[in-house]
Amino acid sequence: MIKDVVCTFCGNACDDIEFEGDYGRNLCPVGEAKFARKERIKTPMINGKEVSYDEAIEKAAEILKSSKRPLLYGWSSTVNEAIRLGVIIAEKLGGIYDQCSSVCHAPTTLAMIEQGIVGGTLGQAKNRADVVVFWGCNPVEAHPRHPTRYSVMARGFLTRGRSDRRVIVVDVRKTPTAYLATDFYMIKPNSDFAIFTALRSIVNGHEEAVPDRVGGLKKEELIELAKTLESAKYGLVFFGLGVTHTRGHERNVEAVIKLVQDLNKKTRYILQPMRGHFNVVGSGEVPAWEVGFEYAIDFSRGYARFSPGEFTAVEALIRGDCDAAMIVASDPVAHFPKKAVERLKKIPVIQIDPHPNLTTKIADVVIPTAIVGIEAEGTIYRMDGVPLRVKKIKDTNYPTDVEIMEKLLEKIVR
Amino acid sequence: MIEVVVITGRTTDQGMTIDEKLSEAYMKAVSFCEMNEKDMEKLGVKDGDRVLIKNELGEVVLYVKKPEMDLQPPEGIVFIPMGPYANRIVGILNGSGTPQYKGVKATVEKTDRAVLSVEEIIME
Ligand code: SF4
């Protein structure tokens, strides 16, 4: 039996998985699907023709070197060691480094730059939290073991589990997570900023400034919610893409950061974004410690510049700035808006990934690699920034992302 | 035809098929929309019928799925699992770098047009 395996699917990065042959104890259904055998990209390809790894890497280097401003995008499903090399390659090429956050929690990063964040770890949720808020997130489907392992039912040093916790769910529709709630509040889409602001007014003693209805909630409901928030000995607000993907984006996050700051004048509160992929935090942390920024980084002037809305992948593609792209451990063709995908279809694309996906369909050079956490080891950051070492539990003939990045870097600086 | 606000998000089925995007299971997981019973009535559609959702960003044909248990979205809100289908009609750029994937206005009407396969949708 292999113990303490880290599941490399969602941002929970559960590190208590035990493998007995192919069976992984403690995995949730989504984690089970991650570890199940499935179709792989069999060999490297150039324009659909099977080639050797050397030929594919040579071709990839040629495309990148002849490009004026290549986009290097993805990174959330690989290890920090590979990301580090990716950042160096982007710098050497004078290209753009961007990562999956730019279509997810980048507004959270922006808001944190403005406001800071009252942060903690998932251990605080488990051991201390007596009021747990899920705002615009649906862990039951997106982070299935979050409620049992860290937040709702988890037993900790100072909590006996569910009976000790008040669970608040706020969303624009009833999700399965709402079934876990003590109180469920249904709000109107695009009203998060207004509601956070109203709650701040109440918490700060300016109840009279709040109108009768805000974002679909009655004033009495808002007061009740504010009182519940204040009643915590140790509160925790988890928020998801319901806050970052709606109108207001980083302003919404700033508002919830300020709400949590205000609550800290009365009791203890922390705020935690529900990060999606198991190492999407690493895809921001690594460039941050390498060059100072987390995403939307341009190296075309020989030094790092950060400009969201300009160097974020979607905008850079739609404007037609990038004339080639290398996609590592991600699938932008499935997840970018249509116009950005249209640009990707026009320029040479290199894909580095274990599984065939929609980006494979449009890629000129495809380089298959080992699956991180199953066939390749390395370091990742859990959603709360705790670094974990993911294991290799199976042998493979596929090279790792790190090996491919090393060879590519060698060819680029040669 | 009715006017709605579209929201997108992850689902368990989308998560379970994410590494198999060229499979039928993935298509099944991302090519539908959920709406309130009253909206289904207004459109004259039932579970398994098709609707055309349109706005200035584009259009997409999706299956209608009756939500499980009491999980139907409120009237006027349509939920689509994140993925290539939803991305035809969401992703407004507001300048912050992160597209608006939720809370996007659109119209919905009943249609006889076919739901495209995942490959057709990206190659179209
Ligand atoms: S909750 Fe996330 S990390 Fe944990 S087993 Fe499920 S998919 Fe894996």
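What's the total number of residues in segment B:12-27 that are free of Cβ contacts under 8 Å to residues at least 12 places away in the same chain and in contact with a strand residue (DSSP E or B) (Cβ under 8 Å, 6 or more places away or on another chain)?
If we filter segment B:12-27 for residues that are free of Cβ contacts under 8 Å to residues at least 12 places away in the same chain, which is where we start, we get B:12, B:15, B:18-20, B:23-24.
Right, trim to in contact with a strand residue (DSSP E or B) (Cβ under 8 Å, 6 or more places away or on another chain) and you get B:15.
Result for segment B:12-27: 1.
Of the residues B:Gly58, B:Gly76, B:Gly44, only one is more than 14 Å from chain A (Cβ to nearest Cβ) and at positive phi; which?
Values: B:Gly58 fails: more than 14 Å from chain A (Cβ to nearest Cβ); B:Gly76 fails: more than 14 Å from chain A (Cβ to nearest Cβ).
Being more than 14 Å from chain A (Cβ to nearest Cβ) and at positive phi holds for just one of B:Gly58, B:Gly76, B:Gly44, which is B:Gly44.
What is the residue count in segment A:241-261 for residues that are away from every other protein chain (no Cβ under 14 Å) and either open to solvent by 10 Å² or more (accessible area, probe 1.4 Å) or part of a loop (DSSP other than H, G, I, E, B) (or both)?
2
Of everything in segment A:312-330 that's at the interface with chain B (Cβ under 8 Å from one of its Cβ atoms) and without any contact (Cβ under 8 Å) to a residue 60 or more places away in the chain, which residue is farthest from B:Tyr101 (Cα to Cα)? Break it down into steps so the answer makes sense when it comes.
The first filter runs over segment A:312-330 and keeps only residues at the interface with chain B (Cβ under 8 Å from one of its Cβ atoms), leaving A:312, A:314-315, A:318.
Next cut, without any contact (Cβ under 8 Å) to a residue 60 or more places away in the chain only: A:315, A:318.
Details: A:Glu315: 15, A:Ile318: 16 Å.
So, considering only residues that are at the interface with chain B (Cβ under 8 Å from one of its Cβ atoms) and without any contact (Cβ under 8 Å) to a residue 60 or more places away in the chain, the one farthest from B:Tyr101 (Cα to Cα) is A:Ile318.
Can you name the condition, by its number, that A:Val30 falls short on among (1) closer than 29 Å to A:Asp384 by Cβ; (2) open to solvent by 70 Å² or more (accessible area, probe 1.4 Å)?
All conditions pass for A:Val30, except number (2).
Residues are listed down the side, and each one gets a yes or a no for (1) assigned to a strand (DSSP E or B); (2) among the aliphatic types (A, V, I, L, M); (3) touching an Asp or Glu at 6+ places or on another chain (Cβ under 7 Å); (4) closer than 27 Å to A:Ile57 by Cβ:
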residue: A:Glu290; (1), (2), (3), (4): no, no, no, yes
residue: A:Gly302; (1), (2), (3), (4): no, no, no, yes
residue: A:Gly309; (1), (2), (3), (4): no, no, yes, no
residue: A:Glu315; (1), (2), (3), (4): no, no, no, no
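Considering A:Glu114, A:Glu141, A:Glu81, which residue is surrounded by fewer than 24 Cβ atoms within 10 Å (Cβ to Cβ) and assigned by TED's automatic domain parsing to the domain that holds A:Ser330? Steps first, answer last, please.
On the way: A:Glu114 fails: assigned by TED's automatic domain parsing to the domain that holds A:Ser330; A:Glu141 fails: assigned by TED's automatic domain parsing to the domain that holds A:Ser330.
Checking each option against the conditions leaves just A:Glu81.
Pick out, from segment A:23-101, the helices (runs of 4 or more DSSP H) lying fully within it that include 3 or more residues that are under 26 Å from the mean Cα position of the chain (by Cα), away from the ligand (no atom under 16 Å from the Cβ) and closer than 30 Å to A:Asn12 by Cβ.
On the way: elements: A:29-35, A:53-66, A:80-93.
Answer list for segment A:23-101: A:80-93.
Just one of (1) surrounded by fewer than 18 Cβ atoms within 10 Å (Cβ to Cβ); (2) touching a residue at least 12 places away in the same chain (Cβ under 8 Å); (3) farther than 17 Å from A:Ile202 by Cβ trips up A:Leu236, so point out which.
(1)
Among the candidates A:Ser101, A:Ser67, which residue alone is touching a Lys or Arg at 6+ places or on another chain (Cβ under 9 Å), among the small types (Gly, Ala, Ser) and either open to solvent by less than 40 Å² (accessible area, probe 1.4 Å) or under 30 Å from A:His146 (Cβ atoms) (or both)? Quick ask: steps written out before the conclusion?
Details: A:Ser67 fails: touching a Lys or Arg at 6+ places or on another chain (Cβ under 9 Å).
After ruling out the rest, the residue left standing is A:Ser101.
Residues that are more than 26 Å from A:Asn190 (Cβ to Cβ): find the strands (runs of 3 or more DSSP E) completely inside segment B:1-73 holding 1 or more of those.
Values: elements: B:2-9, B:32-34, B:50-55, B:58-65.
Fully inside segment B:1-73 and qualifying: B:50-55, B:58-65.
Quick one: which of B:Val30, B:Val5 is touching a residue at least 24 places away in the same chain (Cβ under 8 Å), of a type outside the set (D, E, K, R) and open to solvent by less than 20 Å² (accessible area, probe 1.4 Å)?
Details: B:Val5 fails: open to solvent by less than 20 Å² (accessible area, probe 1.4 Å).
Result of the check over B:Val30, B:Val5: B:Val30.
Can you tell me which condition B:Ser23 does not meet? The list is (1) farther than 30 Å from A:Glu39 by Cα; (2) of a type in the set (Gly, Ala, Ser); (3) within 12 Å of chain A (Cβ to nearest Cβ), and all the others hold.
(1)
Take the conditions surrounded by 14 or more Cβ atoms within 10 Å (Cβ to Cβ) and within 7 Å of chain A (Cβ to nearest Cβ) and apply them to B:Leu71. Does it pass?
Answer is yes for this residue.
Give the residues of segment A:276-320 that are open to solvent by 40 Å² or more (accessible area, probe 1.4 Å), among the charged types (D, E, K, R) and closer than 30 Å to A:Asn138 by Cβ, sorted by residue number.
Step one: list which residues in segment A:276-320 are open to solvent by 40 Å² or more (accessible area, probe 1.4 Å), which gives A:277, A:285, A:289-290, A:292-294, A:300-303, A:305-306, A:310, A:318-319.
When the remaining residues are screened for being among the charged types (D, E, K, R), the result is A:285, A:290, A:294, A:301, A:305, A:310, A:319.
Within segment A:276-320, A:Glu285, A:Glu294 meet the criteria.
Inside segment B:49-68, can you point out the residues that are open to solvent by 80 Å² or more (accessible area, probe 1.4 Å) and touching a residue at least 12 places away in the same chain (Cβ under 8 Å)?
So the first thing to find is which residues in segment B:49-68 are open to solvent by 80 Å² or more (accessible area, probe 1.4 Å), and the list is B:56, B:63, B:66, B:68.
Answer for segment B:49-68, where residues must be open to solvent by 80 Å² or more (accessible area, probe 1.4 Å) and touching a residue at least 12 places away in the same chain (Cβ under 8 Å): B:Tyr63, B:Lys66.
With the requirement that a residue be acidic (Asp, Glu) and either closer than 17 Å to A:Val30 by Cα or within 15 Å of the ligand (Cβ to nearest atom) (or both), what does segment A:129-183 give you?
Residues of segment A:129-183 that are acidic (Asp, Glu), as a first pass: A:130, A:141, A:164, A:171, A:183.
Of everything in segment A:129-183, just one residue is acidic (Asp, Glu) and either closer than 17 Å to A:Val30 by Cα or within 15 Å of the ligand (Cβ to nearest atom) (or both), namely A:Glu141.
Can you tell me which residue among B:Gly83, B:Gly103, B:Gly97 is modelled with pLDDT under 95, crowded, with 17+ Cβ neighbours inside 10 Å, within 9 Å of chain A (Cβ to nearest Cβ) and on the phi > 0 side of the Ramachandran plot?
Going through B:Gly83, B:Gly103, B:Gly97 in turn, just one is modelled with pLDDT under 95, crowded, with 17+ Cβ neighbours inside 10 Å, within 9 Å of chain A (Cβ to nearest Cβ) and on the phi > 0 side of the Ramachandran plot: B:Gly97.
Answer yes or no: is there a residue in segment A:160-167 that is in the same structural domain as A:Val256 (by TED's automatic domain parsing), surrounded by fewer than 20 Cβ atoms within 10 Å (Cβ to Cβ) and of a type in the set (S, T, N, Q). So that I can check it myself, show each step before the final result.
Of the residues in segment A:160-167, the ones in the same structural domain as A:Val256 (by TED's automatic domain parsing) are A:160-167.
Then keep just the ones that are surrounded by fewer than 20 Cβ atoms within 10 Å (Cβ to Cβ); that gives A:160-164, A:166.
From what is left, the residues that are of a type in the set (S, T, N, Q) are A:163.
Checked against the condition, which is being in the same structural domain as A:Val256 (by TED's automatic domain parsing), surrounded by fewer than 20 Cβ atoms within 10 Å (Cβ to Cβ) and of a type in the set (S, T, N, Q), segment A:160-167 yields at least one hit.
Restricting to segment A:159-207, and then to whatever is in contact (Cβ under 8 Å) with a residue 24 or more places away in the chain and among the acidic types (Asp, Glu), can you tell me which residue is farthest from the other protein chains (Cβ to nearest Cβ)?
Checked segment A:159-207; the qualifying residue farthest from the other protein chains (Cβ to nearest Cβ) is A:Asp164.
Of these, A:Val366, A:Val341, which one is in contact with a helix residue (DSSP H, G or I) (Cβ under 7 Å, 6 or more places away or on another chain) and away from chain B (no Cβ under 12 Å)?
Values: A:Val341 fails: away from chain B (no Cβ under 12 Å).
Among A:Val366, A:Val341, only A:Val366 is in contact with a helix residue (DSSP H, G or I) (Cβ under 7 Å, 6 or more places away or on another chain) and away from chain B (no Cβ under 12 Å).
Tell me yes or no: at least one residue of segment A:337-348 is farther than 27 Å from A:Thr121 by Cα, more than 15 Å from the chain's Cα centre (by Cα), touching a residue at least 40 places away in the same chain (Cβ under 8 Å) and assigned to a loop (DSSP other than H, G, I, E, B). Give the derivation first.
Within segment A:337-348, the subset farther than 27 Å from A:Thr121 by Cα is A:337-348.
Now restrict to residues that are more than 15 Å from the chain's Cα centre (by Cα): A:337-348.
Filter again for touching a residue at least 40 places away in the same chain (Cβ under 8 Å), leaving A:348.
Then keep just the ones that are assigned to a loop (DSSP other than H, G, I, E, B); that gives A:348.
Within segment A:337-348 (the criterion being farther than 27 Å from A:Thr121 by Cα, more than 15 Å from the chain's Cα centre (by Cα), touching a residue at least 40 places away in the same chain (Cβ under 8 Å) and assigned to a loop (DSSP other than H, G, I, E, B)), the answer is yes, since at least one residue qualifies.
Take the residues in segment A:10-22 that are in a strand (DSSP E or B) and near the ligand (Cβ under 8 Å from one of its atoms), then tell me which one is nearest to B:Gln14 (Cα to Cα). I'd like the intermediate steps shown before the answer.
So the first thing to find is which residues in segment A:10-22 are in a strand (DSSP E or B), and the list is A:10, A:17-20.
Subsequent filtering for residues that are near the ligand (Cβ under 8 Å from one of its atoms) retains A:10, A:17.
Details: A:Cys10: 13, A:Ile17: 22 Å.
Among residues in segment A:10-22 that are in a strand (DSSP E or B) and near the ligand (Cβ under 8 Å from one of its atoms), the one nearest to B:Gln14 (Cα to Cα) is A:Cys10.
The values are calculated or read from the model by the stated rules, or taken from the named source; none is laboratory data. The shown structure was predicted, so the numbers you read here are calculated from the model rather than taken from an experiment. Methodologically, a virtual Cβ is constructed for each residue, glycine included, from the backbone with ideal geometry; neighbour enumeration extends over all protein chains shown. Surface areas here come from the heavy atoms of the whole protein model, side chains and all, with no ligands, DNA or RNA. Shrake-Rupley method; radii C 1.70, N 1.55, O 1.52, S 1.80 Å.
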